[in-house]
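J.: Please find one structure pasted underneath; my questions will follow.
Each reported figure results from applying straightforward, stated rules to the coordinates on display, with no laboratory input. For clarity, every value in this text was computed on a predicted model and none was experimentally measured. All Cβ positions, glycine included, derive from the backbone under ideal geometry; neighbour counts span all protein chains shown.
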Amino acid sequence: MGSILTALDTGLSLIDREMTILWVNQKVRDTFPDQEPVGQKCYRLYEGRDTPCEECATRQAFVTGEVTRIEKYIPGTSSAPGRWLLLATQPIRDESGQVLHVLESFTDITPQRQMVEALRESEERYRTLIELSPEPIAVHHQGKVVYANPACATMVGARTPQDLIGKPILQFVHPDDHDLVRERVRRMLAYGETGSLKEERFLALDGHVINVAVVAAPITFENLPAVMVLFQDITERKQAEEALHESEEKFRMLIHSSRDGILLNDEEGAILEWNSGMEGITGIPKEDAVGCTLIQVASRLLMDGVTIEDMEHRILAKIAELNQPVTYSSEIPYVEATIQHLDGSPRFIQAQSFRFTSRGRVLYGAVIRDVTEGKRAELTLKEYANRLKQSNEDLERFAYISSHDLQEPLRAIVSYTQLLERRYKDNLDRDADEYLHYIVDGGKRMQDLIHDLLEFSRVNTKGGKFRTIEANAVVEDTLAALLPQTQAAGVTIIVDPLPAVMADPVQLRQVFQNLISNALKFRKPDVPVEIHISAEQLKDKVEFSVADNGIGIEPQYFEKIFVIFQRLHAMDKYEGTGIGLAIVKRIIDRHGGRIWVESEPGKGSTFHFTIPAAKRD
Ligand code: ADP
């Protein structure tokens, strides 16, 4: 027993009614090594006092016979740190129940006190953290909220966290997620599993949906098994994600419904995007293209005679070009190429390429248009135009040669018939004279026709150089040549001041001559002729007008009259070959101008035509 008491870590001392120490164990002796405890007053040994303590538990024990336990802090000294002691008093009674002695004990509980203190401090720290946390945190036990921090109250729209206590946790979970949450809580409580981060839909008190990321863990809360839940309001992130998703969807739709080919590749040339337009143009399906390099894909589309080296060279050159700094104003580089579709047909393509940086990664893109149809039409058109040009040239040559060569024999026919007429007139009968007259007449008319035809065919081939000329001088020349007709009674010709033009003088004279001659020829009987020549200077051309007060032209002939051999009247009424206006039109065409007529039958006609203006210095 003695050895037990000695070994005890608790100091024991037996005190009598006078507060004198009767016995102590080794712990007390060890605690006060410099003093002899036995025989001393307890307040002297333990408190260093000369009088008893005011509130002394031992004295109290003698009076009441109660057991007391108090924790007391003993301040430290220079040599020893302060300590917490658990002081206990145990009354010891005699047979009659009278308290004879009191057994005082003290135990150093400093380590326990420190632990409790640390625990309290840590709990307080965590509570403060949780209270102040901007992230919502709640604890639930048996499906009911037992704790919620202010952020949690704000998230669900409660006035205070207190308002949430006691509410069923499932009230705040979207019905579609109830099973999920129930299962998670079950597993958590059964196996102590900590729930990983999950996305769920929560409901605020007013019923609106809050997207949250949730992580939950089993804890003991006020000695009860509970679940602590940490939320993160991800509504905004979710909305941003949805907006992004939607916009991505839109662009994907646009790209995939485009008939133009669209492709994307990275810096190594690996293809990342290949839309259905590309599939149509090349015949290569998306799954065969994505992941391959541009060169690999291009090698399947080579036209006969094009080497992969050529193609590679072109693609690399293109990329090098794209790596030049581009501004928004610079034109997107554009190339044309011919590729071979997998079905073997050639395809003309136009490609516009661009380079951009996405999240620090350089990407290249190209929009490719299949212009095969357009190109074919263009080629066909070119071919037709060439053929037309060739056939026109042939015709011109034919008209020139035939009219030129016809002149000679015709002159012989006319001359000899005239000779015959002169020498044998009145020697033949009257019919023969008349026939000879018809032959000469027909021959002359044919000569006129051939002459005009020759003129017509010469417009392009024998045209002179364009030079700056004063239009007034040209008109004056023309009128001088037409002097006999213009001087006739009842003819008034007004010529406005006219600007200088850039033209072939001989041909311009021909234009005025034909138009003025027609104005004189197609006059109204018994009405004095009035001709007005005017001009209007436009930007880089001059519009001339030759107006008369003649018989006019029906609107349906406005176009027709410029066609060769088109005449509106019988020969006996108005003479002519029907080539005059065709020559005029040809000349105007040669000058890059335009000719048209405005007329009202019975009132007169105005011929308008344009000629390039003289260049100003
Ligand atoms: P031509 O005068 O030899 O008949 P053109 O080619 O000069 O041939 O003219 C074609 C036709 O246009 C003429 O036959 C005539 O019917 C009509 N025409 C031309 N100029 C005039 C005009 N100033 N007034 C009315 N009709 C005209």
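J.: Would you pull out the residues with amide H under 5 Å of Asn25's amide H, same chain only if 5 or more places away, H placed 1.01 Å from N?
T.: Long-range HN contacts for Asn25: Leu12.
J.: Using +1 at the Cβ of each Lys and Arg and -1 at the Cβ of each Asp and Glu in the chain, identify which of Thr51, Thr338, His101 lies farthest towards the dipole's positive end.
T.: Sorting the options by dipole projection puts first Thr338.
J.: Could I ask something else about it? Ile219's amide H: which non-local residues (gap 5+, or another chain) put their own amide H closer than 5 Å, with H modeled 1.01 Å from N in plane and none for Pro or chain starts?
T.: Ala226, Val227, Met228
J.: With just the Cα atoms defining each centre, how far is region 87-121 from region 483-555? Give it in Å.
T.: 141 Å
J.: Here is a further query. By counting other Cβ atoms within 10 Å of each Cβ, how are Val214, Val414 ranked from fewest to most?
T.: Details: Val214 21, Val414 18.
Ranking Val214, Val414 by Cβ neighbours within 10 Å, fewest first, gives Val414, Val214.
J.: Follow-up. Could you work out how far apart the two model spin labels at Glu47 and Glu287 are, taking each label as a point 7 Å from the Cα in the direction of the beta carbon, and quote it in nm?
T.: 9.5 nm
J.: So what J values fall out for region 348-362 if you push phi through Karplus, 6.51 cos²θ - 1.76 cosθ + 1.60 with θ = phi - 60°, rounded to Hz, Gly and Pro as x?
T.: Ordered by residue, 3J(HN,Hα) equals 8, 10, 10, 10, 10, 10, 8, 10, 8, 10, 10, 6, x, 10, 7 Hz.
J.: Can you work out the Karplus-derived ³J(HN,Hα) for every residue in region 89-94? Use 6.51 cos²θ - 1.76 cosθ + 1.60 with θ = phi - 60°, whole Hz, and x for glycine or proline.
T.: 10, 10, x, 10, 9, 8
J.: Taking only Cα atoms, what is the 0 to 90° angle, nearest 10, from helix 235-257's long axis to the longest principal axis of the chain?
T.: The angle comes out at about 30 degrees.
J.: Follow-up question, since we're still on this one. Out of all Cα-Cα pairs in region 376-458, roughly what percent, to the nearest whole number, are more than 23 Å apart? Please report the intermediate quantities before stating the final value.
T.: Numbers: 1620 of 3403 pairs.
Value for region 376-458 (Cα pairs over 23 Å): 48 percent.
J.: At 0.36 nm per residue, minus the direct Cα-Cα distance, what do Asn427 and Asp266 gain on full extension? Give it in nm, one decimal, please.
T.: Computed gain between Asn427 and Asp266 is 47.5 nm.
J.: Taking H placed 1.01 Å from N in the peptide plane, check which residues at least 5 places from Ile262 or on another chain put their amide H under 5 Å from its amide H.
T.: It is Asn275, Gly277, Met278, Ile368, by chain and number.
J.: Please provide three numbers in whole Å: the alpha-carbon extents of region 1-149 along the principal axes, with the largest listed first.
T.: Ordered largest first, region 1-149 gives principal extents of 66, 44, 34 Å.
J.: Mind jotting down a quarter of the surface of the convex hull over the alpha carbons of the chain, in square nanometres, one decimal?
T.: Details: hull surface 271.0 nm².
Projected area, direction-averaged: 67.8 nm².
J.: What is the sum of charges around Gly593, taking Lys and Arg as +1, Asp and Glu as -1, for the other residues whose C-beta is under 15 Å from the C-beta of Gly593? Numbers along the way, then the final one.
T.: Numbers: positive: Lys539, Lys541, Lys585, Arg586, Arg590, Arg594; negative: Asp504, Glu536, Asp540, Glu543, Asp589.
Here the count lands on +1.
J.: Taking Cα centroids, how far is region 241-262 from region 22-51 in Å?
T.: Spelled out, the Cα-based centre of one part sits 92 Å from the other.
J.: Near Lys41, which aspartates and glutamates are there with a Cα under 16 Å away, not counting those fewer than 8 places off in the same chain?
T.: Partners within reach: Asp16, Glu18, Asp50, Glu54, Glu55, Glu104.
J.: Using alpha carbons only, how many degrees (0 to 90, rounded to 10) separate the axis of helix 308-322 from the longest principal axis of the chain?
T.: 70 degrees
J.: Angle check, please: helix 580-590 long axis (alpha carbons) against the longest principal axis of the chain (alpha carbons), in degrees 0 to 90, nearest 10.
T.: Rounded to the nearest ten degrees, it is 40.
J.: Quote to one decimal, in nm, the extra length available between Leu197 and Lys603 on full extension: 0.36 nm per residue of separation minus the C-alpha distance between them.
T.: 136.6 nm
J.: Tell me, which cysteines of the chain are without a disulfide-compatible partner by the Cβ under 4.7 Å rule?
T.: By the Cβ distance rule, which asks for a partner under 4.7 Å, the isolated cysteines are Cys42, Cys152, Cys292.
J.: Restrict the search to region 353-422; then list the trypsin sites (Lys or Arg not before Pro) that DSSP places in a loop and that have at most 11 other Cβ atoms within 10 Å of their Cβ.
T.: Working: sites: Arg355, Arg359, Arg361, Arg369, Lys375, Arg376, Lys382, Arg387, Lys389, Arg397, Arg411, Arg422; in loops: Arg359.
Sparse-neighbourhood loop trypsin sites (Lys or Arg not before Pro): Arg359.
J.: Count charges around Val362 for me, please; just the other residues with Cβ under 11 Å from its Cβ, Lys/Arg as +1, Asp/Glu as -1.
T.: Numbers: positive: Arg355, Arg359, Arg361; negative: Asp266, Glu267, Glu268.
Result for the neighbourhood of Val362: 0.
J.: Test of understanding: what is the full-extension gain from Glu123 to Arg445, defined as 0.36 nm times their sequence separation minus their Cα-Cα distance? Write out the running numbers ahead of the final one.
T.: Values: separation 322, 0.36 × 322 = 115.92 nm, distance 12.80 nm.
Here the answer is 103.1 nm.
J.: Take Arg69, project a point 7 Å from its Cα along the Cβ direction, then tell me which residues of region 108-132 have their backbone nitrogen under 14 Å from it.
T.: Hits in region 108-132 for Arg69 at 14 Å: 108-109, 113.
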